[in-house]
Amino acid sequence: MNKHISIIGCGWLGLPLAAALVKNGHIVKGSTTSKDKFELLKSAGIRPFEVTIFEDKIEGQIQDCLADSQILIINIPPGLRKNPNSDFTKKMALLCQHIEKSGIENLIYVSSTSVYEETVDMPIITEESPTNAQSSSAKQLIAVEEIFKSNLNLMTTIVRFGGLIGDDRDPSKFLSGKTNVKNPDGPVNLIHQEDCIGIIKTIIAARKWQTEFNAAAPQHPTRKAYYNAVCDAKSMPRPQFDHTAPSKGKLISSKKVETNLKYRFLHSL
């Protein structure tokens, strides 16, 4: 059955996701911080709304963007690399208040596997593992997850993706030529854009609400083996890894995605 879906954040992942949902017959609204992107969204069949979220206010058409939708997808990175003093938690708490007013019941919050700490033990991470990462960005993501999960008015599903790759996000460019790269023996946890979209579409189709999914490609080569291989394939300089300290890492299990959602990954590493 076709749904009315709103997406907050039509960027690198949100825009192609919205376009894919439109192709599936859903009616999709999408937010952007710039009216310059309106025509791009309209060309994909997406109804565009200008929305900018601050710590103390939301400017733009937030209520119109949310109105009459049954499902909301929030896909906004914390952006703490560019603005390290930004309070992403406050922004999402404010957004949550507007969601409550809209009457939306089903929510997908796109989070990250960075909420899990890397250690020398390199544990296998499942949805039952503690979200224990200590970076500022990770702590804010963990807090935001809790804001939505604890809201009794929302049936929230958290989906945590590994490192994002795609046709215009080539992993060979991530580390090529860099020196003193840490954790050469740590496992790689990457996921292709098409699989991110496929997993979210499957969650919606299967009505998997009030749960959590971790998602990364099932293959987990070491960082050294993987990045050397992708750089060699593009004839780009290999990274130089630092072997002086024990490697830290984690291995993201996508078993729940494969068994509960019955999803089969389109891209391998």
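Each value in this text was obtained by applying a stated rule to the coordinates, not by laboratory testing. Remember, predicted model here, so these are calculated numbers, not experimental data. Reconstructed Cβ throughout: ideal geometry from the backbone, glycine too, with neighbour counts over all protein chains shown.
Tabulated data
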{"read-out": "Hits in the range 17-65 (condition: of a type in the set (Gly, Ala, Ser) and in contact (Cβ under 8 Å) with a residue 60 or more places away in the chain)", "value": "Ala20"}
{"read-out": "Residues of the range 188-202 satisfying the condition of being of a type outside the set (Val, Ile, Thr) and either assigned to a strand (DSSP E or B) or closer than 20 Å to Pro16 by Cβ (or both)", "value": "Leu190, His192, Gln193, Glu194, Asp195, Cys196, Gly198, Lys201"}
{"read-out": "Residue tally, condition buried (at least 16 other Cβ atoms within 10 Å of the Cβ) and in contact with a helix residue (DSSP H, G or I) (Cβ under 9 Å, 6 or more places away or on another chain), over the range 41-64", "value": "11"}
{"read-out": "Flag if Asp185 is in a loop (DSSP other than H, G, I, E, B), surrounded by fewer than 20 Cβ atoms within 10 Å (Cβ to Cβ) and acidic (Asp, Glu)", "value": "yes"}
{"read-out": "Checklist (1) within 19 Å of Leu175 (Cβ to Cβ); (2) in contact with a strand residue (DSSP E or B) (Cβ under 8 Å, 6 or more places away or on another chain) applied to Lys256, failing item", "value": "(1)"}
{"read-out": "Test: Ile203 is surrounded by 16 or more Cβ atoms within 10 Å (Cβ to Cβ), of a type in the set (Val, Ile, Thr) and either farther than 24 Å from Thr119 by Cβ or without any contact (Cβ under 8 Å) to a residue 24 or more places away in the chain (or both)", "value": "yes"}
{"read-out": "Residue check, Thr244 in a loop (DSSP other than H, G, I, E, B) and over 17 Å from the mean Cα position of the chain (by Cα)", "value": "yes"}
{"read-out": "Residues of the range 186-216 that turn out to be farther than 13 Å from Lys262 by Cβ and among the β-branched types (Val, Ile, Thr), as a count", "value": "6"}
{"read-out": "The range 66-93, residues that are surrounded by fewer than 20 Cβ atoms within 10 Å (Cβ to Cβ) and either acidic (Asp, Glu) or over 26 Å from Arg207 (Cα atoms) (or both)", "value": "Asp68, Gly79, Leu80, Arg81, Lys82, Asn83, Pro84, Asn85, Ser86, Asp87, Thr89, Lys90"}
{"read-out": "Where a residue in the range 226-250 is in contact (Cβ under 8 Å) with a residue 40 or more places away in the chain and closer than 16 Å to Ile165 by Cβ and its partner, wherever it lies, is assigned to a loop (DSSP other than H, G, I, E, B) and of a type outside the set (D, E, K, R), with Cβ under 6 Å and at least six apart", "value": "Tyr226/Val188; Tyr227/Pro239; Val230/Pro171; Cys231/Ser176; Met236/Ser176"}
{"read-out": "Filtered residue count, the range 137-162, keeping only those that are farther than 28 Å from Glu105 by Cβ and touching a Lys or Arg at 6+ places or on another chain (Cβ under 9 Å)", "value": "1"}
{"read-out": "Residue in the range 206-243 that is surrounded by the most Cβ atoms within 10 Å (Cβ to Cβ), counting only those that are β-branched (Val, Ile, Thr) and either closer than 30 Å to Met155 by Cα or out of contact with any strand residue (DSSP E or B) (no Cβ under 7 Å at 6 or more places or on another chain) (or both)", "value": "Val230"}
